[in-house]
Amino acid sequence: MQPHLLDRKNHNNESFTVSRHHGTHFLRVWHYHEELEIALILKSTGTRFVGDSIEKFQPGQIVLLGKNLPHMWLNDDTYFEDGSTLEADSIAIHFRIEFLGSAFFLAPEFHSVHKLLQTAKRGILFQDVNKQFKEEIIDLLGSDGVERLSKLLVILNRLSKWENFQYLSSEGFIKSFNPRESNKLNKVYEYIYNNFSKSIRLKDVAEVAHMNPSAFSRFFKKNHNKTFTRYLNEIRIGYACKLLMEGKHKILAICFDCGFNNISNFNRQFKLIRGMTPTNFIKVYKDSNLNIGPRSNRD
C-alpha cells in the first residue's frame with residue numbers, strides 16, 4: 001500500500017507548528033509529509049511504523065522524523081474495543097529544514113544540529129527521556145514568538161547531543177545517498193547504491209576505494225562496527241522491505257531484484273536483520289493498514 005501525502009501547510013503565519021493530539025487513539029494512516037516532525041508520546045502503547053521499521057512504542061519516547069519519511073503510530077487492539085477508556089496523548093512539532101533560512105543551520109554553532117537534521121531521514125528514536133526534557137517540549141504549547149523559537153532551538157540542540165538513541169528505518173529503505181566525511185566511503189556508498197541489485201564482491205568495492213580487500217575490510221568495519229557483507233545485506237533487505245510494502249511483486253522476484261541469488265539465503269538474511277520472515281513482514285504491514293480511517297488527528 002502506498003503511503004498518503006498529508007498537507008501540513010502552516011496557515012497561521014508561523015515558522016513551525018506545535019500541536020497536542022489527545023483522543024481515544026492515534027491516526028491510523030500510513031503517511032508522510034514535507035515537514036520534519038518531533039513526536040513525544042505522553043500516553044498509549046502500540047506499534048510504531050517508520051519506513052521499514054516495525055517496533056512497539058510506549059510513553060516517554062521521542063522520535064524525530066525526516067522529510068517524506070512514511071510513518072504511523074498504530075495503537076494496540078484494546079484501544080479500539082467498544083467501551084474502552086484508554087487514551088492516546090502526544091505532542092508533535094512540525095517544521096521544514098529551511099524554516100529559518102537555507103543556511104541557518106550551516107553556522108558553526110549548529111554543526112551538531114545540522115548533522116541531526118540530515119540523519120533524521122532514517123527516523124531517530126530517543127530513549128530514557130527525563131521528566132525535565134519532556135516538560136520543555138510541553139512548554140512549547142504555551143509559548144509564542146521569539147521565546148517559542150528559542151525553546152525549539154534548545155530542544156534540537158539537546159536532541160543532537162542525546163546519547164541513548166537508535167536509527168529506525170534502514171538505509172536500504174530510504175535508498176538515498178548519505179554524504180560522509182571520508183571521500184573513500186563516499187565512493188563506496190555510491191557504488192553500493194548503484195549496484196546492490198547485482199553481485200558485488202569485496203574485491204570490486206575495495207578497488208573503488210583504491211585499497212586491497214583485507215585493508216578495506218578492516219577499514220570498513222572500523223567505520224561501521226559491522227562487516228561489509230552485513231552492511232550490504234542490510235541495504236538489500238531494506239530495499240526488499242520497500243518492495244514488499246508496495247505489494248507489486250512476488251517474494252521470489254524481490255529476492256533476485258535485491259541482489260540475492262537464492263530464496264533460502266534471502267529468507268535467512270531477512271529474518272536475521274528484520275527479526276521476521278518476508279511473509280510475516282507482509283502480514284504485519286497489511287494488518288496494520290486494515291480498516292484505515294482517520295478517526296483521530298494524531299500525526
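The values are calculated or read from the model by the stated rules, or taken from the named source; none is laboratory data. All values reported here derive from a predicted model rather than from experimental measurement. Ideal geometry is used to build each Cβ from the backbone, glycine not excepted, and the neighbour counts take in all protein chains shown.
Which one is nearest to S53 (Cα to Cα), of the residues in the stretch 18-33 that are under 14 Å from the mean Cα position of the chain (by Cα) and outside any strand (DSSP E or B)? Before the answer, list the steps.
Residues of the stretch 18-33 that are under 14 Å from the mean Cα position of the chain (by Cα), as a first pass: 30-33.
After this cut, where a residue has to be outside any strand (DSSP E or B) as well, the list is 30, 33.
Working: W30: 13, H33: 18 Å.
In this case the residue turns out to be W30.
Quick check on L69: is it out of contact with any His (no Cβ under 6 Å at 6 or more places or on another chain), loosely packed, with under 14 Cβ neighbours inside 10 Å and of a type in the set (A, V, I, L, M)?
no
If you scan the stretch 199-213, which residues turn out to be surrounded by 14 or more Cβ atoms within 10 Å (Cβ to Cβ) and assigned to a loop (DSSP other than H, G, I, E, B)?
First pass over the stretch 199-213, keeping only residues surrounded by 14 or more Cβ atoms within 10 Å (Cβ to Cβ): 200, 202, 205-209, 211, 213.
Passing the criteria: I200, A209, M211.
For S84, state whether it is over 13 Å from the mean Cα position of the chain (by Cα), among the small types (G, A, S) and crowded, with 22+ Cβ neighbours inside 10 Å. Steps first, answer last, please.
Numbers: over 13 Å from the mean Cα position of the chain (by Cα): yes; among the small types (G, A, S): yes; crowded, with 22+ Cβ neighbours inside 10 Å: no.
Here the answer is no, as S84 does not meet what is asked.
How many residues, within the stretch 116-125, are of a type in the set (A, V, I, L, M, F, W, C) and not in a helix (DSSP H, G or I)? Steps first, please.
Residues of the stretch 116-125 that are of a type in the set (A, V, I, L, M, F, W, C), as a first pass: 116-117, 120, 124-125.
With not in a helix (DSSP H, G or I) added as a condition, the list becomes 124-125.
Counting residues in the stretch 116-125 that are of a type in the set (A, V, I, L, M, F, W, C) and not in a helix (DSSP H, G or I) gives 2.
I'd like the full set of residues that are without any contact (Cβ under 8 Å) to a residue 40 or more places away in the chain and under 17 Å from R148 (Cβ atoms), limited to the stretch 12-56.
Once the filter is applied, which keeps residues that are without any contact (Cβ under 8 Å) to a residue 40 or more places away in the chain and under 17 Å from R148 (Cβ atoms), the stretch 12-56 yields N12, N13, E14.
Report, by residue number, each residue of the stretch 260-270 that is within 14 Å of R230 (Cβ to Cβ) and not aromatic (F, W, Y).
Within the stretch 260-270, N265, R268, Q269 qualify.
Quick check on my filter: what residues within the stretch 185-236 are aromatic (F, W, Y), touching a helix residue (DSSP H, G or I) at 6+ places or on another chain (Cβ under 7 Å) and under 25 Å from I254 (Cα atoms)? I'd like the intermediate steps shown before the answer.
Pass one, the stretch 185-236, residues aromatic (F, W, Y): 189, 191, 193, 196, 216, 219-220, 228, 231.
Add one more test, that the residue is touching a helix residue (DSSP H, G or I) at 6+ places or on another chain (Cβ under 7 Å), and what stays is 191, 196, 216, 220, 228, 231.
Correct list: Y191, F196, F228, Y231.
Just need a number here: residues in the stretch 99-152 that are more than 23 Å from E14 (Cα to Cα) and polar (S, T, N, Q). Walk me through how you get there before you give the answer.
In the first step, residues of the stretch 99-152 are kept if they are more than 23 Å from E14 (Cα to Cα); the result is 108-109, 111-112, 115, 119, 121-133.
After this cut, where a residue has to be polar (S, T, N, Q) as well, the list is 112, 119, 127, 130, 132.
Count: 5.
Kindly provide the set of residues from the stretch 131-156 that are outside any helix (DSSP H, G or I) and either of a type outside the set (S, T, N, Q) or within 17 Å of the chain's Cα centre (by Cα) (or both), ordered by number.
Of everything in the stretch 131-156, just one residue is outside any helix (DSSP H, G or I) and either of a type outside the set (S, T, N, Q) or within 17 Å of the chain's Cα centre (by Cα) (or both), namely D144.
As an exercise: evaluate D128 against (1) assigned to a helix (DSSP H, G or I); (2) under 23 Å from the mean Cα position of the chain (by Cα) and give the number of the one condition it does not meet.
The single condition D128 does not satisfy is (1).
Could you look through the stretch 34-52, keep only residues that are closer than 19 Å to L117 by Cα and touching a Ser or Thr at 6+ places or on another chain (Cβ under 9 Å), and pick out the one that is modelled with the lowest pLDDT?
Going through the stretch 34-52, the residues closer than 19 Å to L117 by Cα turn out to be 34-40, 50-51.
Within this subset, residues satisfying the condition of being touching a Ser or Thr at 6+ places or on another chain (Cβ under 9 Å) are 35, 39-40, 50-51.
Numbers: E35: 95, A39: 97, L40: 97, V50: 89, G51: 84.
Among those that are closer than 19 Å to L117 by Cα and touching a Ser or Thr at 6+ places or on another chain (Cβ under 9 Å), it is G51.
Might you let me know whether the stretch 44-55 holds any residue that is assigned to a strand (DSSP E or B) and in contact with a Pro (Cβ under 9 Å, 6 or more places away or on another chain)? Spell out how you get there, then give the answer.
If we filter the stretch 44-55 for residues that are assigned to a strand (DSSP E or B), which is where we start, we get 46-50, 53-55.
Those left that are additionally in contact with a Pro (Cβ under 9 Å, 6 or more places away or on another chain): 49-50.
Yes, that holds for at least one residue.
Among (1) under 26 Å from T277 (Cβ atoms); (2) part of a strand (DSSP E or B), where does L69 come up short?
For L69, the exception is condition (2).
Is at least one residue of the stretch 157-167 modelled with pLDDT of 90 or more, in contact with a strand residue (DSSP E or B) (Cβ under 9 Å, 6 or more places away or on another chain) and in a helix (DSSP H, G or I)? Spell out the reasoning first.
At the first step, the residues of the stretch 157-167 found to be modelled with pLDDT of 90 or more are 157-167.
With the extra rule that they be in contact with a strand residue (DSSP E or B) (Cβ under 9 Å, 6 or more places away or on another chain), the set shrinks to 159, 162, 164-167.
Subsequent filtering for residues that are in a helix (DSSP H, G or I) retains 159.
The answer is yes; a qualifying residue exists.
Determine if the stretch 224-238 includes at least one residue that is of a type in the set (V, I, T) and exposed (fewer than 14 other Cβ atoms within 10 Å of the Cβ).
Yes - at least one qualifying residue is present in the stretch 224-238.
Do the conditions hold for G101, that is, is it at positive phi and of a type outside the set (F, W, Y)? Before you say what the answer is, go through the steps one by one.
On the way: at positive phi: yes; of a type outside the set (F, W, Y): yes.
Judged against the criteria, G101 is a match.
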